[in-house]
Every structure is written in C-alpha cells, then in structure tokens.
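Just below is one structure, and these are the notes that go with it.
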Amino acid sequence: MKLRFPIIGLILISILTCAQDKNSTNTKNTHEIIVPDLDIPWGFTFLPDGAILITEKAGQLIHFKNGKKTEISGLPEIYVRGQGGFMDIILHPDYKNNNLIYFSYASSDGEGDGGNTTIASAKYSDMTLTNWKVLYKAEPNSTRGQHFGSRLQFDKNGHLFFSIGDRGNRDENPQDITRDCGKIYRINDNGSIPKDNPFYKHDNAKKAIYSFGHRNPQGMTIHPKTGEIWTHEHGPKGGDEINIIKAGKNYGWPVISYGINYSGTKFTEITEKEGMEQPLHYWVPSIAPSGMTFINSDKYGDWNGNLLVGSLKFQYLDMCTLKDDKVIKEERLLDGIGRVRSVEQGPDGYIYVGVENLGIVKLIRQ
C-alpha cells in the first residue's frame, strides 16, 4: 500500500501536467473594467459616438455609454440552446451613412425541430432596431446544442464573411458542399451571393460557401496589411487551429486533425492529406479559442502586429507573435481573468476583451 499511493500520485501529476497549457505568462499587463456585470458577452462593437453595443448570448443587445446600460428593442426571437444563442455583431463599413448593423444568432425558423445559425441585418436608431432582414439561414434545424459558430467580418471589398460550425454532425456536414454547416461563407452586404464565389456554378452546392472542412470557428478577423481573412476554430481534444481562409479550399475536418475524441480514442489516423489545407498553427492541448483580433495601433509598443486569441478553457488572452505567417511565440496576457469570449480593437487603438461573468475590460500594458 505504501508503494501504490506514490505511483497513483505520479500518474495524476502526469495527467494534470499533460492537460495544462505550456505558454509563458507575461505579467507586464493589467486591465480596467469598462463595462461591468455581463454574463456571456459573445460579441461587441463600437458606435461612432463612443457607445458600445454588446450581444449577451441569452438574447439581449446592450447599449453602454457613460456608465449606463440600456437594452435595445427590436430583436427577433433567439433560439438559446447549448452553445447557441445571440452571437456576433459588426457594423456595416459605411455605418455612418446607413446605420446598418449585422448579427449572427440561432433561430428556430425554417425546416425541422431545433434551430440553426442565422445572419441578419437591421437599422439602428434611438435604442431600437428596425428593418430586420435575414440574409442567410443555415438548414436544416437541429436540436443539437453544439457548434453554431459564428463570427462575422467584412473584407476590404465589402463582402461579409461568416462562420457556421458543423453542428455536431462531423461525418456529414463539413466535407459536403451541398450541405450547410462546417463552413466559412461569403455574401454581399444585402444578402446576395457574389458570382465569383468558388462554388457558385456547382450544381446543388450551397453557393454562399467560401471554404469548407471546418469544425467550429469562433474567431475571425481581417489582417490589417494583407486584407486576408484569418479564423480560428475549436478542435475536439486537441487540434484547435488558426487558418488563413482561401477561396474553395478544404480545411480537412474531420478527415485530418491534430485532435482526438474527448474519450481519448482516435477518429482519424492522419494529420495531413493532399488537397487539404494545413493549419497555420494548432494547439495541443486545446485552449478552447474564442474571439480574435490583430493589434494594429501604437498603444502597445512592439506588440503591434501581434495576434490575440481568447482562451475559454485556460482563461487568458493568448498573444501570438508572428513571423512570415507563423506563430513563433505565445504569451499569456490577463492570466486567470476568466473565460475570454470576445476580443476587439477599439477606435482609440486599445484592445478590449469580453470576459464571461465579468464584463468588458481594456488591456493595459505596464
């Protein structure tokens, strides 16, 4: 008996060590709480007058300015289940002239029980949304509670990119371009589909698809210099990825992966295959990434140009130093702050971070 306990202890230490993230901690940073007392600030954006609009996953849109929160009216019914609910938000590039805001959320409209990811636009004025217009609705609905996606990003040509996860149906959805889910999509700002989309002329294809073979992308941003769309997505147990999105490319899920089943068993024996893209970077173990942006200001000195990714699992902001589109260094910022859900650079050049059960904080470099 005296020998068994040390052995068991060593095994437990080994398991716990393997489960921990190895990134070093940068302690020369702190934060200021800007918007307190939020539950799950899935997404947020800044209005020209300095106000912040925040989506709460449970189905509220919050306006925050001068210390005051106001709930905005005019939302449709939100389907809240598992990972689904009210998700991302982004302003139209010409918001100052058209007052258009774009949203991703789960909706039960359409075919079948349950719900699926929906993209819509609306006009905003005086704490109210009007002219609500559904631009894309993934089909069919599903009662599964996982992998809705869903981030939004405009490119420099005014196309709207968005992500929809595989909805927990990895064996049918991600590799089939005739089916929604497990894809990155591209549409015009009015919901029409660009005729130069890669599968526009393919029979039976979902013509809005831009890339496929994705699991659950919950990070999307535009590179400030190249204009390329960067995403990250959740793997299963290991295999979270960063990808640069290219038209028509297959990103491999679930044929290739650096992850395994949550039970510890394998679902694939290969990590690469001809015709499938390799990730720019991957994490083992998973950090459970959510939210993503580049530092593109002089507020943080030589951090300018670095990529920021939120970690839900390990509760920090992952700062990735890049060289030639490769991650050469990772550091924990705001270590232990809580589950980081969303990350944005504000108009003032500072980085703002949405943290579950805390609020929105401003990153300060010491």
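Here, each number is a calculation from the coordinates, and none is a lab measurement. Keep in mind that this is a model prediction, so the values were computed, not measured. Counting neighbours? That spans all protein chains shown, and the Cβs are built from the backbone with ideal geometry, glycine included.
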*All Cα pairs of the chain, percent lying beyond 25 Å*: 53
_Using Cβ contacts closer than 10 Å as the measure, can you line up TYR124, TYR185 from fewest to most?_
TYR124, TYR185
*Cβ under 14 Å from ALA208's Cβ, ALA208 left aside: what net charge do those residues give with Lys, Arg +1 and Asp, Glu -1?*
+4
*Assign one of three labels to the stretch 258-326, namely rounded, prolate or oblate, based on the Cα gyration tensor with a ≥ b ≥ c the square roots of its eigenvalues; rounded applies when a/c is under 1.5, prolate when it is not and a/b is larger than b/c, and oblate otherwise.*
oblate
*Which is the longest part of the chain that has none of the GluC sites (Glu not before Pro) sitting in a DSSP loop with at most 10 other Cβ atoms within 10 Å?*
112-268
*Under 5 Å between amide H atoms, partner at least 5 residues away or on a different chain: which partners does GLY219 have, H built in plane at 1.01 Å?*
HIS232, GLY291
*For the stretch 184-199, 3J(HN,Hα) per residue [Karplus equation, 6.51 cos²θ - 1.76 cosθ + 1.60, θ = phi - 60°, Hz, x = Gly/Pro]*: 9, 10, 9, 9, 7, 5, 9, x, 6, 9, x, 6, 9, 4, x, 10
*Residue by residue, what Karplus-based ³J(HN,Hα) values in Hz, rounded to whole numbers, does the stretch 131-147 have, using 6.51, -1.76 and 1.60 with θ = phi - 60° and x for Gly and Pro?*
6, 4, 9, 6, 9, 7, 10, 5, 10, x, 5, 9, 7, 5, x, 10, 6
_Helical contribution to [θ] at 222 nm, DSSP H n ≥ 4, -39,500 (n - 2.57), averaged over the chain, rounded to 500_ = -1500 deg cm²/dmol
*LEU38: net charge of surrounding residues, Cβ under 13 Å, Lys/Arg +1, Asp/Glu -1, itself excluded?*
-1
*Order by neighbour count: VAL340, VAL309, fewest other Cβ atoms within 10 Å first, most last.*
VAL309, VAL340
*Mind sorting TYR251, TYR352, TYR300 by how few other Cβ atoms lie within 10 Å of their own Cβ, fewest first?*
TYR300, TYR352, TYR251
_Skipping prolines and chain starts, which residues have an amide H placed within reach, meaning under 5 Å, of the one on ASN306, given they are 5 or more residues away or on another chain?_
ILE295
*Provide the per-residue ³J(HN,Hα) series for the stretch 306-311, in order, calculated from phi with Karplus coefficients 6.51, -1.76, 1.60 and θ = phi - 60°, each as a whole number of Hz, with x at glycine and proline positions.*
6, 9, 10, 10, x, 10
*Can you quote the Å³ per residue value for the convex hull of the Cα atoms in the stretch 73-287, rounded to an integer?*
129
*5 angstrom amide H check on VAL284, placed H, neighbours 5+ away*: GLY239
*asked:* If a paramagnetic tag sat 7 Å from the Cα of GLU272 along the Cα-Cβ line, which residues of the stretch 233-254 would have the backbone N under 15 Å from that point?
replied: 252
